[in-house]
Amino acid sequence: MTEELSTKNTNTWCPGCTNFQLLASVKTAIANMIKKGMKKENFAMSTGIGCHAKIFDYLNISGIYGLHGRAIPAAIGMKLGNPKLNVLAFAGDGDTYSEGMEHFMHAFRHNSDITLIVHDNRDFSLTGGQPSSTTQQGYKSKVQPFGEIERPFNPIRIALSAGAGFVARCNARDIKHTAEMIEKAVKYKGFAFIEVIQDCIIFNKGMNNLDKKMHKVNNSDIKKAWQLSEEWDYNSKDSKIPIGIIFSR
Ligand SMILES: Cc1ncc(C[n+]2csc(CCOP(=O)(O)OP(=O)(O)O)c2C)c(N)n1
Ligand code: SF4
């Protein structure tokens with residue numbers, strides 16, 4: 001089944017990029033849902049612009065290759081036009097937490113029944129590795145040769161503050177677990193947000209391979225969700241990082 005979800009387009013992600021694993025998770029999740037009776041033609045996607053957005057070329061479902069920062073409004077429009085669709089919005093951290101921040105915040109309030117998957121590699125990769133809102137302090141790039149001085153956002157806390165009903169965090173390197181989370185998010189009735197920790201092997205390499213810090217959770221208690229959100233501040237390489245369902249109402 002995953003072959004039917006593939007395209008013949010040449011893949012231009014860097015060999016070793018964890019976008020490959022994330023694509024495999026998405027295909028696995030959709031294939032599982034199709035096996036369980038959902039229809040392939042009822043899956044659709046929107047994307048932002050960035051390395052992550054090339055998923056549009058490699059995943060064989062319908063959709064809109066969107067604008068930078070606008071994957072969410074495109075997805076909501078598709079859902080409004082055809083409520084039968086299971087719409088997946090693929091976006092970057094640059095996309096979602098900078099230029100698209102207003103869409104992100106309001107999406108929780110609007111609560112359209114779509115799934116947002118953020119490929120969070122903690123920089124703007126396609127444009128050359130500039131720091132994004134989730135980049136750790138000290139990260140050096142061509143535009144910040146002395147290192148990033150601003151503190152990173154914690155998107156999980158922002159989502160909880162905005163009234164999120166479904167928040168998960170995944171590790172792109174864990175294909176099976178990420179596929180399970182995507183299936184749960186698609187089946188959730190309302191706006192489902194998945195923050196995927198995705199390594200970029202070219203730019204912000206200092207925060208890659210955090211697997212050993214990660215532990216799996218499955219939580220539906222809002223007070224516990226706040227505690228889980230505070231375990232990792234996106235700055236430290238030493239603290240524990242919860243992955244799985246941080247909160248589901
Ligand atoms: C409206 C608009 N603003 C800015 C850009 C320039 N731009 C293209 S890709 C990109 C960075 C993408 O970073 P991110 O969303 O984190 O995705 P990644 O490449 O890291 O996957 C930017 C700023 C654009 N194409 N369109
Ligand atoms: S630049 Fe980084 S995010 Fe983009 S394809 Fe290469 S490894 Fe992946």
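Read-outs throughout are calculated quantities, based only on the coordinates presented, and are distinct from any laboratory measurement. What you are looking at is a predicted structure, and each value in this text was computed from that prediction instead of being measured. Methodologically, a virtual Cβ is constructed for each residue, glycine included, from the backbone with ideal geometry; neighbour enumeration extends over all protein chains shown.
In segment 206-249, one over the average inverse separation of all distinct C-alpha pairs is 10.9 Å, which is the Kirkwood hydrodynamic radius. For Lys40, the lysines whose Cα comes closer than 28 Å to its Cα, not counting residues fewer than 8 places off in the same chain, are Lys8, Lys27, Lys54, Lys79, Lys84, Lys176, Lys184, Lys187, Lys189. Averaged over residues, the count of other Cβ atoms within 10 Å places the peptides 237-244, 96-103, 57-64 in the sequence 96-103, 57-64, 237-244, highest first.
Mind checking segment 200-246 for chymotrypsin sites (Phe, Trp or Tyr not before Pro) that DSSP puts in a loop (not H, G, I, E or B) and that have at most 12 other Cβ atoms within 10 Å?
Answer by residue number: there is no such site.
Grab the Cα-Cα distance for Ser62 and Glu102, subtract it from 0.36 nm times how many residues apart they are, and report the gain in nm with one decimal.
Length gained, Ser62 through Glu102: 11.8 nm.
Distance from the C-alpha centroid of segment 1-47 to that of segment 140-190: 20 Å, rounded to the whole angstrom.
For Asn11 and Asn32, a Förster radius of 22 Å and the Cβ-Cβ distance give a FRET efficiency of 0.45, rounded to the nearest 0.05. Full extension of the chain segment joining Ile201 with Ser220 gains 3.5 nm, where the gain is 0.36 nm per residue of separation less the Cα-Cα distance. Spin-label pair Phe146-Ala24: with each label point 7 Å from Cα along the Cα-Cβ axis, the two points sit 4.3 nm from one another.
Applying 1/(1 + (r/R0)^6) with R0 = 25 Å to the Cβ-Cβ distance of Lys176 and Glu231, what FRET efficiency is obtained, to the nearest 0.05?
0.65
Loop-located trypsin sites (Lys or Arg not before Pro) in segment 48-101 (DSSP state other than H, G, I, E, B) with a sparse environment of at most 16 neighbouring Cβ atoms within 10 Å: Lys84. When you filter the chymotrypsin sites (Phe, Trp or Tyr not before Pro) in segment 103-151 for DSSP loop state and at most 11 other Cβ atoms inside 10 Å of their Cβ, you are left with Phe146.
For segment 86-137, the alpha-carbon coordinates run over 33, 19, 15 Å along the three principal axes, in decreasing order. With coordinates expressed along the principal axes, the C-alpha atoms belonging to the chain extend over 51, 44, 32 Å, beginning with the largest. Based on the Kirkwood approach, the hydrodynamic radius assigned to segment 81-192 is 15.1 Å, with every pair of different Cα atoms included.
Ratio of alpha-carbon Rg to the 2.2 N^0.38 Å globular estimate for segment 20-77, to two decimals, please.
Cα Rg divided by the expected 2.2 N^0.38 Å: 1.15.
Per residue of the chain, the DSSP helices (runs of n ≥ 4 H) give a summed -39500 (n - 2.57) that works out to -8500 deg cm²/dmol at 222 nm.
Projected onto its three principal axes, the C-alpha set of segment 167-249 covers 37, 25, 18 Å, listed from the longest axis down.
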